[in-house]
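Working notes, structure below.
The values are calculated or read from the model by the stated rules, or taken from the named source; none is laboratory data. Source: prediction; values computed, not measured. Backbone-built Cβ (ideal geometry, glycine too); neighbour counts: all protein chains shown.
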Amino acid sequence: MRHRAYLAVLAAALSMTTSDLAAQGPEPIRYTLRFPAPHTHYVEVEATYPSGGRPQVDLMMAVWTPGSYLIREYERHVEGVTATGAGGRALGAVKTAKNRWRVDTGGGAAVTVTYRVYGREMTVRNNWVEAGFAMLNGAPTFITLADRTPRPHEVRIDMPAAWKGSQTALPPIPGQPHAYRAEDFDTLVDSPLVLGNPVVKSFDVAGTAHHLVLEGDPSLFDADRAAADIRRIVEAGVATMGPFEYPHYHFLNMVVETGGGLEHKNSFLTMSNRFVTRTRQPYINWLSLVAHEYFHNWNIKRLRPVELGPFDYETENHTKSLWVAEGVTDYYGALLVRRAGITTTPEYLDMLSNSIEAVQTRPGRRVQSAEMASFDTWIKQYRPDENSPNTSIDYYDKGATIAFLLDATIRKATAGGKSLDDAMRLAYGRYSGARGFTPVQFQQAMSETAGTDLSAWFAQVLTTTDELDFSTALDWFGLRFAPVDPRALRATTGLVTRNDSGRLVVSQVRRHTPAYDSGINVDDEILAIDDLRVRADGLTARMEQYRAGETVRVLVARRDRLMIVPVTLGAEPGRPWRLQVKPDATTEQQARLTAWLGR
Ligand SMILES: [Zn+2]
């Protein structure tokens, strides 16, 4: 962005246009997007690549999207790749790898390649095209030169007649409707496009334009209220992290039938359902997602693990620091909504408790450390199966929990003088931009803020599977885990089940539960307990007829064969990980709570 601003100043001084000047740098790749039949879910792409005088050019499509750590093989939705040279002369184009093509240039200065992309996956990293609108992401749409010399990528959109609006964080090309210029491929991949007739609500914070963009079906969505609340979240973010560095920001929200969010440098893409602003809990959950993705503008898009940039778009990029990038961000997501005055303290503690409970009730916490969960995200976090709870953790939940403990640790070590906010601002000042941090550098910034060496603490919480110690945090803020009444605990098999069209089927068998010890399997259909039929919705009620310690005979169908499995029931654990303010919290503890959460 600084580079573009500099060009603009220089161009003004020389009475040239920025494109005149930029033309003297590496030549751009120019894309035109067309939607001749959007109801068939296709976007047609025409791309012109400078040949650089080479007899052949190699083209590449990214196989993953930064922020979503799974190889997704976007090229599987590409078809009809053809190449032409000057005057429309056909050129040879062959596929050389799953995501690569080699094009003969015939000695020409440029080659033009056309292809179609099928887009009908409503997720934040893929594409959706339908009659009324399109949502396009960079990685699954734009084939680029495999030679990654930084060069501008220009996108012109030939909009269907009924579509009036295009929204993206990319800067527009002056004088051309629906035309945008990315300074390089990374920026193009980092800038989703929303096309159609979006509802846009704009507001300024510190003189910078912010745009809430709603596409899909926003007819029941309270856009004004959402924009007002997002503005408060932005202000809470600035109060926490200091000034933002983006030139403008787009909150792109698809109002559809699914959820999810993905961060970008000057925008984010989220999804929510049409009713989300109409009831409180879904709304504050969505605002927490908004705050999470927005907080990423500081944490990961600028302050980042050293391994996450420059990206290799053709293979896995491993890092041990996603507990910072995602976990710390998750901690601040809910916290900013509280600091913005939108949620109450009990509502905030409920959200934090959800993270803690998810960590503490997952058997995999004794198997996988926070750092290894990050490193193996490509094969575990994004590829969960029925055994995942037994063998892995979620670095969002554990990272957020560690951030909470770290925040309290810094506050206690400095007698309330400093907090994780100060530590994050220090890390941001030191490592944001092109630099990136190593795990040791990040931890040193935390220790420096705390005024004490936290390396042993970090080694324990990040590299081991030891249980976390909540005592310091609870004591500092005057919190406790709400007591569980043992008389309220029911008998349980410990199974996780699902109602599969009226059949009661086992979805998960968690370690250290009665079912796990007795040999019930995932996908067993539970038919009866002690010779009495159990309906798909009847297991909880049936368990109320028993006490922990009793042995029941469970009739299951396993791959269609009936068998009886004796299970000695245990006691439900209840919910021992729900935070609340201690009824007898001292004045000092209450003051610390206020310093942490705001009034
Ligand atoms: Zn995130």
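With respect to (1) touching a residue at least 40 places away in the same chain (Cβ under 8 Å); (2) of a type outside the set (Gly, Ala, Ser); (3) part of a loop (DSSP other than H, G, I, E, B), the lone exception for Lys418 is condition (1). Is it the case that Arg304 is farther than 13 Å from Tyr395 by Cα, modelled with pLDDT of 95 or more, within 16 Å of the ligand (Cβ to nearest atom) and touching a Gly at 6+ places or on another chain (Cβ under 6 Å)? Yes: the conditions hold for Arg304. Do we have Lys398 as crowded, with 18+ Cβ neighbours inside 10 Å, among the charged types (D, E, K, R) and part of a loop (DSSP other than H, G, I, E, B) here? The answer is no for Lys398. Count of segment 177-188 residues, restricted to those that are part of a strand (DSSP E or B) and either in contact (Cβ under 8 Å) with a residue 60 or more places away in the chain or crowded, with 23+ Cβ neighbours inside 10 Å (or both), is 2.
The combined condition, being small (Gly, Ala, Ser), assigned to a loop (DSSP other than H, G, I, E, B) and crowded, with 18+ Cβ neighbours inside 10 Å, is fulfilled by Ser191. Taking first residues from segment 129-142 that are of a type in the set (Asp, Glu) and partners that are in a loop (DSSP other than H, G, I, E, B), the Cβ contacts under 9 Å between residues at least 6 apart in sequence or on separate chains come to Glu130/His41; Glu130/Gly119. Does any residue of segment 375-392 turn out to be touching a residue at least 24 places away in the same chain (Cβ under 8 Å), surrounded by 23 or more Cβ atoms within 10 Å (Cβ to Cβ) and either under 27 Å from Tyr428 (Cβ atoms) or β-branched (Val, Ile, Thr) (or both)? Scanning segment 375-392 turns up no residue that is touching a residue at least 24 places away in the same chain (Cβ under 8 Å), surrounded by 23 or more Cβ atoms within 10 Å (Cβ to Cβ) and either under 27 Å from Tyr428 (Cβ atoms) or β-branched (Val, Ile, Thr) (or both).
The strands (runs of 3 or more DSSP E) located wholly in segment 78-154 that include 2 or more residues which are closer than 26 Å to Glu215 by Cβ occupy 78-84, 110-118, 134-136. Of the set (1) in contact (Cβ under 8 Å) with a residue 40 or more places away in the chain; (2) more than 23 Å from Asp330 (Cβ to Cβ); (3) acidic (Asp, Glu), all apply to Glu448 but (1). Of all residues in segment 336-367, those being within 30 Å of Trp596 (Cα to Cα) and either at pLDDT below 95 or in a loop (DSSP other than H, G, I, E, B) (or both) number 7.
Out of Glu326, Glu316, one residue alone is among the acidic types (Asp, Glu) and either in a helix (DSSP H, G or I) or within 16 Å of the ligand (Cβ to nearest atom) (or both). It is Glu326. The set of residues in segment 263-276 being surrounded by 22 or more Cβ atoms within 10 Å (Cβ to Cβ), free of Cβ contacts under 8 Å to residues at least 60 places away in the same chain and among the polar types (S, T, N, Q) consists of Ser272 alone.
Considered as a group, the residues in segment 216-262 that are within 16 Å of the ligand (Cβ to nearest atom) and free of Cβ contacts under 8 Å to residues at least 60 places away in the same chain include one that is farthest from Leu426 (Cα to Cα), and that residue is Gly259.
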